[in-house]
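Some notes on the structure that comes next.
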Amino acid sequence: MSKPKVFLVGIDSAAPWQVFDLWLKELPTLKSLVEEGAWGRIRSTVPPITCPAWPSTFTGMNPGHFGLYDLRYRKLGKRYFDFHIVNSRLIKYERVWDYLSEAGYKVITAFVPVTYPPSKVNGCQIASFLTPTTKSEFTYPPELKNEIFSVIGGEEKYIIDVYGYRQMDPRELYQRLREKTDHDFKIIKHLLKKEWDLFVTVIMSIDRAQHTLWRFFDKDHPRYEEDPELKDGLLNLYKQIDDHLADIVSQLPEDTTIIVLSDHGAKRMFSRINVNELFIQEGLLKLNKKPKHPTGLDKLEEQELINWKETKAFALGAYIAQVFINLKGREPKGIVNPGEEYEDLRKQITDILKEVRGEDGRKLNTIVYMKEDVYCGEKIDVMPDLTAYFDNLHYGANEAIGYDSIYSLATLKGPDDSNHGEFGIFMMRNENVRKGEIKNIKLEDIAPTILDIFGVKPNIKFDGKSLLR
Ligand SMILES: [Zn+2]
């Protein structure tokens, strides 16, 4: 038997409805993978956000093991809102490329979220969009950085991310995302010439596009705009990725396992619920003084505008509401007792969240998760006590305070066309996987599946399981 070879490409935020239902016939490479292998919707993490979703995918572990529920996390101490951006060192579990490195396989990872700073692997690694600047050490080995710069024509041509995508003119954004996709594939195609057994890469451009270009293709979007140039913008970005993949797949040995997946989907977003404003109305959160303008929680805390002695709960999140009880023993000035008081309060808040109507008075299909129903692991304590998907993610959330109503379309970062969806796309071509649609799969199944292909059995209990038969 020849040595296994696995090529995995993540298309961040690729939505099942777009790929499988709307556009598959226009994406010949993805279409052939669907026809030749297994495919389906893959369940994302709670919440369906890039971090924790990709770390769960590549560790095979539930986010409760890392205590992460967003790209940002709270450092708990004297403050409630000491926010920091996640980094790879917070993931205390090996990723699939670490296990394979130890087993002597050659691995390459490029642009995978939450791999900055990069780790030592048997091969090479280029970190992703959380890389601070091109001066940072974002590659392993460090000298790979200059090789990559020369591939794209110099350090000043290197694109870490397309920043400010929510506020950018959509036409300019579209062009910048096309450039970014070509830039990334140029580097990917260069790396493919090296020796590897596992190659993992993630393309971010669809995620950035979903947030700003959705309203141009979807006539059911509440802010639909007719624009002959941009109507195919999102589709064209998918096609661009499909074209590059056609190139790559045709050059790989035929028995290479190919996996394409996304970490979450996307859904058209109607508006957002200002969750903390709702909590103020319900007497769950008390302010010493209302701010004059919408203000972030960390600023409110600095200005001592929150009355913690009379606050029972607060929420974080821009897409998904993450509710924290002001719990004694965990929160800096907690007032809610663990046990009965905590449980009763969670039930009360669940009812309040489910009762919230849409801006037009419509009843919403809101889903609220208790933490113990969706998380396991040693860091479950710091995870949100409740997580709400307003209108099953057709409504977003907003944590800022200082609005006149409980509805707003924009957060402090800007407006948005779409929310994240709870399912991503999955397709896999491998002789040991059953062809056709597969159901009941989740991101945590990916790492065990890849390790199974290589016959590597680490001594760990994964939260996912291999998809091979
Ligand atoms: Zn994502």
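The values are calculated or read from the model by the stated rules, or taken from the named source; none is laboratory data. Being a predicted model, the structure only gives us computed values, none of them experimental. Don't worry about glycine lacking a Cβ; one is built from the backbone with ideal geometry, like all the others, and counts go over all protein chains shown.
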TODO: Determine whether the range 200-207 contains at least one residue that is of a type outside the set (D, E, K, R), assigned to a helix (DSSP H, G or I) and within 16 Å of the ligand (Cβ to nearest atom).
DONE: yes
- [ ] Keeping to the range 8-38, report how many residues are under 25 Å from Asp197 (Cα atoms) and within 13 Å of the ligand (Cβ to nearest atom).
- [x] 3
TODO: Pull up the range 412-429, narrow it to residues that are crowded, with 20+ Cβ neighbours inside 10 Å and farther than 19 Å from Trp17 by Cβ, then point me to the one that is farthest from the chain's Cα centre (by Cα).
DONE: Arg429
Open item on the list: Whether any residue in the range 118-125 is among the hydrophobic types (A, V, I, L, M, F, W, C) and part of a strand (DSSP E or B) is what I want to check.
Closed with: yes
Task: Positions within the range 231-277 being within 16 Å of the ligand (Cβ to nearest atom) and either farther than 26 Å from Thr212 by Cα or part of a helix (DSSP H, G or I) (or both), in sequence order - done: Leu234, Leu237, Tyr238, Ile241
TODO: Name the single residue, out of those in the range 386-410 being within 20 Å of the chain's Cα centre (by Cα) and among the acidic types (Asp, Glu), that is farthest from Lys442 (Cα to Cα).
DONE: Glu399
Task: All positions within the range 422-465 that are under 15 Å from Leu8 (Cβ atoms), of a type in the set (S, T, N, Q) and part of a loop (DSSP other than H, G, I, E, B) - done: Asn430
Task: Unique match (being in the same structural domain as Thr201 (by TED's automatic domain parsing), more than 15 Å from the chain's Cα centre (by Cα) and within 16 Å of the ligand (Cβ to nearest atom)) among Arg74, Arg79, Arg95, Arg41 - done: Arg41
